[in-house]
Every structure is written in structure tokens, then in C-alpha cells.
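The block underneath contains the structure these notes are about, expressed in C-alpha cells.
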Amino acid sequence: MAATPLFFELSSRIKLEVRGGDALRFLNGQVTNDVRKSAAHTAIEACVLNTKGKIDAHVFIRALGDGFLIDAETEHRDALQARLDRYIIADDVTLTDVTNNWSLFHVIGESEINRAKVAANRFGASGHDILVSAADHDVVRGELQQQFVFVAEDTAETYRIERGIPRWGQELTADVNPTEANLAERAIDFAKGCYIGQEVISRMKMSGQTNKRLCGLIIRKPSVITARARLRNMTDGKDVGWVTSVARSERFNATIALGFVKRGFNAIGTSLLSGEGDKANVDVVALPFR
């Protein structure tokens, strides 16, 4: 039986237009993925890094007319434009905040809708973005509700965690690099030209090692664990990581979580401690959850 077609409201995400004769070259020097892969019908995922290879922002980029449109979490509204502006020296590039001009929806599943769609993988599943004028928001949302099931914010959060997708402010912070967050395959092009932070990422690829890794976690009952809870080794109680997101999954009939676990303790099947007591109550599992 075909999966239920779903749609998500993403209109609150910030949106920046990047235009000018040097827009492509400039963006390729700022983000981890190759902007040339973006097109009118394809959006790419990428990260903006600092010189130490840590994440400044997590973005999606699509071609838009003679320029590009970047969208990112709401928390980036001021910082992302300032971060990009800092590296515009003598480039023919303009950045414009157009957040209020556009409404953004994301759909997963097969259903006919007479709107331009852009392929994008936002939740670990093939989907499409629908970008429309903010003035058309209510009309388009009504059309989507006739064919798709709306995924409310709390349900979308569980959906995201089940698929092991990192989110800014939870898994993605200024203390994490994209390889540690399992973004290498989706958001990094190792063959493209130089970009800020590339040397660090390239060294990590060559070594094949990271200090920590984003993992799936199953929380055993009756444990009550929240985001930012520390994870400890069973043998000596040593701190080996922390929880970033927690959700009750009806699909798996379990409390599940995402978290970073240090190298040497993040193998699938490893049991860890969290909270009070000396009994293992957290198991490391593969992502996405199955």
C-alpha cells in the first residue's frame, strides 16, 4: 500500500537571495556542497563553516532565475547574512533578505498538485519543495490540505528524529562539524574547489576518524531522559557524550533519541548510562531507526 502523502509548513525559515555576476563563485567558496548541482528543479543541502571546520549554518540552496535562494532555520536570520557579508570583498554579489516574500512547503509522497516543485531531501526521504509568493500562502496551503496530510510541528520533530536528521540548535551547533553530524554524504562535495573550513574536513576524510559521532539511542524504561543529558560509560562512569533530541515514537513503540557519542563508545549495540543509577538504560542503534 502506498505511503500517505505528507506536507510540512516551512515558511518561517529565513530566505536569502544571492545575486550578481560572482554569485556562483562566491557561494562555492562559502559552502560545503557544489552550488553547480543546484538548479531550477533541484535544491542542494550544504553547510557554512568557520575556519576550524565547525558549522556556522545549515542551509538548502536552489537556483532562482539568475541567482540563488538560500533557506535556513529561523535562528539564522541575522547571523547568516552577516557571516556571508563578511567575505564579500570586491565581489559582484548582493545578499537580500526575502524571508517575508516567499512561503515554503515541503511534500513527501505521490500526489498531483499544479505547482512548481523542486526536488529536496529534508527528512531522509525523497521529497519536493513548493516555493510560492507569500501572498499565495493560504491558497496553496488549502490545495495541499486536499491531497496531503499536514504534519504539525511536534509530529514533524518526531518524524525528523526517527530518520536521524540533525537540526540546527540541537544536533547542529558551533561545536560540531558536518562529518560528526553524518552530513558528509548529503551536504559535502569532496571534489569541489576550496571553501572556508575545507582543510579540516579534508583531513577528517583522509583519516577516516571523528572524535564523536551522531548516533541513534533507544531509551529503556523507566528512564526519563531529556536533551542535554550526559551519557556515561558502563565500566567506569566516564562521560562519553550527550543527548540532543528526544521523542516518544509510536511507530517504534519506544522513547528514542539522537545524541553525540565519543569514538570508542559509539559502536552499534553499545549500552550506556544516563541519569542516576548504575544500570544501563541507553542503547546505541543505527540511524535511521528501524
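The values are calculated or read from the model by the stated rules, or taken from the named source; none is laboratory data. This structure is a prediction, so every number in the text was calculated from the model and none was measured. Ideal geometry is used to build each Cβ from the backbone, glycine not excepted, and the neighbour counts take in all protein chains shown. Remember, those area values only see protein heavy atoms, side chains included, never the ligands or the DNA or RNA. Shrake-Rupley method; radii C 1.70, N 1.55, O 1.52, S 1.80 Å.
Quick rundown of the values:
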| quantity | calculated |
| --- | --- |
| Among the residues listed as G65, G29, the single one being touching a Cys at 6+ places or on another chain (Cβ under 8 Å) and surrounded by fewer than 22 Cβ atoms within 10 Å (Cβ to Cβ) | G29 |
| Which listed residue, of A229, A181, A187, is without any contact (Cβ under 8 Å) to a residue 60 or more places away in the chain and either surrounded by fewer than 12 Cβ atoms within 10 Å (Cβ to Cβ) or within 28 Å of D154 (Cα to Cα) (or both) | A229 |
| Output for the stretch 76-102, where each listed residue is open to solvent by 40 Å² or more (accessible area, probe 1.4 Å), aliphatic (A, V, I, L, M) and not in a loop (DSSP other than H, G, I, E, B) | A79, A82 |
| Candidate set from the stretch 200-226 (those that are among the small types (G, A, S) and surrounded by 12 or more Cβ atoms within 10 Å (Cβ to Cβ)); member that is nearest to I268 (Cα to Cα) | G216 |
| Residue, farthest from the chain's Cα centre (by Cα), within the stretch 232-290, restricted to residues that are of a type in the set (V, I, T) and surrounded by fewer than 16 Cβ atoms within 10 Å (Cβ to Cβ) | T235 |
| Counted residues, the stretch 85-122 - those being at pLDDT 95 or above, touching a Phe, Trp or Tyr at 6+ places or on another chain (Cβ under 9 Å) and more than 20 Å from A39 (Cα to Cα) | 4 |
| Given (1) open to solvent by 40 Å² or more (accessible area, probe 1.4 Å); (2) out of contact with any helix residue (DSSP H, G or I) (no Cβ under 7 Å at 6 or more places or on another chain), index of the condition R115 fails | (2) |
